[in-house]
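Undergrad: Below you'll find the structure I mean.
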Amino acid sequence: MAGEGDRIARAGDYVFGLMDERERARAERDLEIDPAFRDAVLRLAERMRALEPQPIVINKIERKPYGVGLHSLGGRLGLAIALALAAAFALGYLAGTL
């Protein structure tokens, strides 16, 4: 029977994916039959999950975005710029073909 330190080291190797195929298959079999090893793996995986940064979720935007970027030229101004660019490209094409 393995000691607690060996069990935790083996659980760490399993959680971090440091085992080869044969060792991983044996560890997965031990997860099913050895409750102490299963608890060690679950405790270590839970600790590792707690260290990961939590994703930032934006529930609602209270004000309109501002500044530079694709979202800053919406509405009528964006439409006017798009029409002006289309006209400039059309005139440039016509001038190049004549």
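The values are calculated or read from the model by the stated rules, or taken from the named source; none is laboratory data. Predicted model, so just to flag it, every value in this text is computed and none were measured. Because the Cβ atoms are built from the backbone with ideal geometry, glycine has one as well, and the counts that use them run over all protein chains shown.
For every residue, the table says whether it meets (1) touching a Phe, Trp or Tyr at 6+ places or on another chain (Cβ under 7 Å); (2) modelled with pLDDT under 75; (3) on the phi > 0 side of the Ramachandran plot.
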residue: Ala27; (1), (2), (3): yes, no, no
residue: Asp34; (1), (2), (3): no, no, no
residue: Val57; (1), (2), (3): no, yes, no
residue: Lys60; (1), (2), (3): no, yes, no
residue: Ala95; (1), (2), (3): no, no, no
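Undergrad: Do any residues in segment 12-35 that are loosely packed, with under 10 Cβ neighbours inside 10 Å have Cβ atoms under 7 Å from those of residues that are not acidic (Asp, Glu), where the two are at least six apart or on different chains, and which pairs are they?
TA: none
Undergrad: Same structure again: Does segment 72-88 contain at least one residue that is hydroxyl-bearing (Ser, Thr, Tyr), modelled with pLDDT under 90 and exposed (fewer than 10 other Cβ atoms within 10 Å of the Cβ)?
TA: no
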